[in-house]
Amino acid sequence: MRRSALVLLALLVLVASNPASGKSGFSGNYTVKGTNPGVGAYSGVLTIAARGDAYDVYWNIANTQYVGVGLASGDTISVAYTGGDKTWIGIATYHQRADGTLDGRWTVGGVGKVGTETAVRK
């Protein structure tokens, strides 16, 4: 758990050291499709809501809730997230295309594998 907290702290310092562009175009509701390494394809819903200079981020995937906090820099948003039991932590990074679609990569601490996700605005 301590290692996961250090990874999260390093990510937040890295993202915070890059000035945010003030872009609020990430907020909204999305449908997501992704691939979980070793598990397979999944789909669900992603909600991103601006809160000051940060973002509240929520996923609902296969009736499982995930919650995170994000920081934006230019056309990229990075999110630290966890599940309901809060025994693990993950990191997701999304690049926003010109049409608003988000192309993401994510991982969970201690796993060493990277999943992918595409989020299309509803």
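The values are calculated or read from the model by the stated rules, or taken from the named source; none is laboratory data. These numbers were taken from a predicted model, which means no experiment stands behind them. Methodologically, a virtual Cβ is constructed for each residue, glycine included, from the backbone with ideal geometry; neighbour enumeration extends over all protein chains shown.
The conditions are (1) closer than 22 Å to Arg121 by Cβ; (2) at pLDDT 95 or above; (3) of a type outside the set (Val, Ile, Thr), and Asp53 fails exactly one of them. Which is it?
If we test Asp53 against (1) closer than 22 Å to Arg121 by Cβ; (2) at pLDDT 95 or above; (3) of a type outside the set (Val, Ile, Thr), just (2) comes out false.
Looking only at residues that are closer than 14 Å to Ala119 by Cβ and over 10 Å from the mean Cα position of the chain (by Cα) in region 56-65, which one is surrounded by the fewest Cβ atoms within 10 Å (Cβ to Cβ)?
Residues of region 56-65 that are closer than 14 Å to Ala119 by Cβ, as a first pass: 57-61.
Now restrict to residues that are over 10 Å from the mean Cα position of the chain (by Cα): 60-61.
Numbers: Asn60: 13, Ile61: 17.
If we take residues in region 56-65 being closer than 14 Å to Ala119 by Cβ and over 10 Å from the mean Cα position of the chain (by Cα), then Asn60 is surrounded by the fewest Cβ atoms within 10 Å (Cβ to Cβ).
For region 12-26, indicate whether the set of residues that are modelled with pLDDT of 90 or more and in a strand (DSSP E or B) is non-empty.
Filtering region 12-26 down to residues modelled with pLDDT of 90 or more leaves 26.
Next, only the ones that are in a strand (DSSP E or B) stay: none.
No, every residue in region 12-26 fails to be modelled with pLDDT of 90 or more and in a strand (DSSP E or B).
Return a yes/no flag: does region 88-110 have any residue that is β-branched (Val, Ile, Thr) and at pLDDT below 95.
Here is the first cut: in region 88-110, the residues β-branched (Val, Ile, Thr) are 89, 91, 93, 101, 107-108.
In the following step, the residues that additionally are at pLDDT below 95 were identified as none.
Checked against the condition, which is being β-branched (Val, Ile, Thr) and at pLDDT below 95, region 88-110 yields no hits at all.
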